[in-house]
Amino acid sequence: MLVLQDLTGGIPENHDMQDIPDLWQLINNLLEEQASICCSKHGDGAKGEREEDSGIISNHAYGILRAVEFRDRGIRLVQIRNPWGSGVEWNGRFSDGDSRSWAMLSDRERSMLGGGGCDPTEKDGTWWMLVEDLKRHYSTIGACRPILRLDRWTRHLLVSSWNKETGCGGQLHLNPQVHLELMGGGRGQDLVKVLVCLTQVSKRVSSDNLGIHPLICGGVEKVGERVLKVTGDSRLHKMDAYTTSRNATVEIECKRSDFPLCVVAGVFGGGVGELASGAREANFEMSVCVKDQKTKMVLVGGDLPECRVCKKALKLPWVEHDGGVIVHSKCSDAYKEQTADKCLECGKGLVGSFYREDGGKVHADVCHERWRERNADKCSVCGKAVLGSHFPVDGGKVHDGACIEIHRERSADKCSSCGKAVMGSFFTIDGGKIHDGACIEAHRERTAAKCIVCKKAVRGQYYDIAGKGQCHVECHGKLK
Ligand SMILES: [Zn+2]
Ligand SMILES: [Zn+2]
Ligand SMILES: [Zn+2]
Ligand SMILES: [Zn+2]
Ligand SMILES: [Zn+2]
């Protein structure tokens, strides 16, 4: 394909057989445009050419000459040619010697395929095969389209280079870009064919090659002003991988409403850009071709919008926030913090996890702890925030543990004898409480009748002396 490209100045393209949605359509389109088409089969591991059981030689390029369909019979045939013009041939269905397949066609139909081809004696390296078999037995198909010679296509050519500013290690929005406007006078159909071929100049397959990738994006707002959104939703085609081949070709059918288009000569890192010491320039050519429409190509200049946060030009990776606000990826957190709701506790922006509280939000962890502490009910005993287990008391709360102990002691009835809180067992005397033990003893001693002899309290056995009072048994002898 590279040779064809060099010889014809045509637009090259390459496809993996398995990635082609409609191989028959593709081949017919290419033939209609007088493209040179070839196909080949990758050998299993082996590098050199090798004959497979099917008669096809792997790692060898074959030409595709014609495509003929017998619609009533559901037969679609492709004519293949070995450029050697001789040698081994395909030996499967519709091969030269396969009379059973050929018997399915009438003489008239066979004659449509021209002389030769189906003659088993003629080893001319040319044969017919079903398009299904082509898909099964070959792995790639490539073509070179002579678009310069076809008057239905308009071709714009950009010859330029990637350098430190525009290569930048995969910052696609910095890569060279052009805008394409529809002019009046083209054909009025709704779908427009656009083909972009990006070529790294003077490079054949080499480890030195860059990863390249043309991108086509729709809906340019201001022609000539750099479009940043060259990935994601605005992409009109799905070519995800970069190729280190000399050419990367993308063809799409887009709507008229997708215009103006933005076409980017995408390059992925690899020595261009950020590696200051190894930075090098790399030249490229980009053909932008449009079918049946008059178009104007505008080269986009270097002015970049600035980051909303740091106010520097958007040379680094960037992200878009709500409302189309664009900031560097590294400035994104700062932007989120600037615009986020503020924490009720520390007043800073809420970017991480947070709790919803009355009247707003609070950062999780430290701020939330502090906020709860500030807003919690206070312990009636120690005055500190009540967050854990606690007891409700009249008009407030009291911590479990030491605080509730203190509270109970304070609010308990007092002992009529010692004046201290009555917590344990007690006696009720004259509506008051008295501790069991020493206090009730002391109370009884105080309130007992006094001995008329020794004047001490009378406890235990005594004599009742009529008209005088009580007296201990042991004091009775001293009675006068
Ligand atoms: Zn910034
Ligand atoms: Zn906070
Ligand atoms: Zn407390
Ligand atoms: Zn007491
Ligand atoms: Zn006594």
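Here A385 passes the criteria (1) touching a helix residue (DSSP H, G or I) at 6+ places or on another chain (Cβ under 6 Å); (2) within 16 Å of ligand 4 (Cβ to nearest atom) except the one numbered (2). Taken together, the residues in region 324-333 that are in contact with a strand residue (DSSP E or B) (Cβ under 6 Å, 6 or more places away or on another chain) and outside any helix (DSSP H, G or I) amount to 2.
Considering only residues in region 142-178 that are modelled with pLDDT of 90 or more and in contact with a Lys or Arg (Cβ under 9 Å, 6 or more places away or on another chain), the one that is surrounded by the fewest Cβ atoms within 10 Å (Cβ to Cβ) turns out to be H156. Name the residue that is farthest from N375 (Cα to Cα), counting only residues in region 386-442 that are acidic (D, E) and within 16 Å of ligand 3 (Cβ to nearest atom). Of everything passing the filter in region 386-442, E409 is farthest from N375 (Cα to Cα). Here the condition is being buried (at least 22 other Cβ atoms within 10 Å of the Cβ), assigned to a strand (DSSP E or B) and either on the phi < 0 side of the Ramachandran plot or modelled with pLDDT of 90 or more (or both); of V272, V250, V290, V298, it holds for V290 alone.
Which of the residues spanning region 425-448 are part of a helix (DSSP H, G or I) and touching a strand residue (DSSP E or B) at 6+ places or on another chain (Cβ under 9 Å)? C439, I440, A442, H443, R444, E445, R446, T447 - these are the residues of region 425-448 that are part of a helix (DSSP H, G or I) and touching a strand residue (DSSP E or B) at 6+ places or on another chain (Cβ under 9 Å). Only residues that are outside any helix (DSSP H, G or I), of a type in the set (D, E) and closer than 18 Å to R145 by Cα were counted in region 16-43, giving 2. Of all residues being of a type outside the set (K, R) and touching a Lys or Arg at 6+ places or on another chain (Cβ under 7 Å) in region 345-354, which is nearest to ligand 4 (Cβ to nearest atom)? Just the residue, please. Per the criteria, the residue is E345. Tallying residues that are part of a strand (DSSP E or B) and either surrounded by fewer than 18 Cβ atoms within 10 Å (Cβ to Cβ) or at pLDDT 90 or above (or both) within region 45-60 yields 2. Checking each residue in region 293-338 for being of a type in the set (S, T, Y) and more than 23 Å from the chain's Cα centre (by Cα) picks out only T295. Residue-level check: of (1) closer than 17 Å to W128 by Cα; (2) among the small types (G, A, S); (3) surrounded by 17 or more Cβ atoms within 10 Å (Cβ to Cβ), G85 misses just (3). Being surrounded by 14 or more Cβ atoms within 10 Å (Cβ to Cβ) and more than 26 Å from C475 (Cα to Cα) is true of V398.
Of the residues G63, G92, G74, G10, the single one that is of a type outside the set (F, W, Y) and modelled with pLDDT under 85 is G10. Pairs are defined by a Cβ separation below 7 Å, a sequence spacing of at least 6 or placement on different chains, a first member in region 256-269 that is assigned by TED's automatic domain parsing to the domain that holds S287 and in contact (Cβ under 8 Å) with a residue 60 or more places away in the chain, and a second member that is of a type in the set (F, W, Y) and surrounded by fewer than 20 Cβ atoms within 10 Å (Cβ to Cβ); the pairs so defined are F268/Y242. Is there a residue being in contact with a Lys or Arg (Cβ under 7 Å, 6 or more places away or on another chain) and over 30 Å from K348 (Cα atoms) anywhere in region 438-449? Scanning region 438-449, I find at least one residue that is in contact with a Lys or Arg (Cβ under 7 Å, 6 or more places away or on another chain) and over 30 Å from K348 (Cα atoms), so the answer is yes.
Residue pairs whose Cβ atoms lie under 9 Å apart, separated by 6 or more positions or on different chains, with the first residue in region 281-309 and free of Cβ contacts under 8 Å to residues at least 24 places away in the same chain and the second in a loop (DSSP other than H, G, I, E, B), are E306/K312; E306/L314.
The values are calculated or read from the model by the stated rules, or taken from the named source; none is laboratory data. For clarity, every value in this text was computed on a predicted model and none was experimentally measured. Every residue, glycine among them, receives a Cβ derived from its backbone with ideal geometry; neighbour counts consider all protein chains shown.
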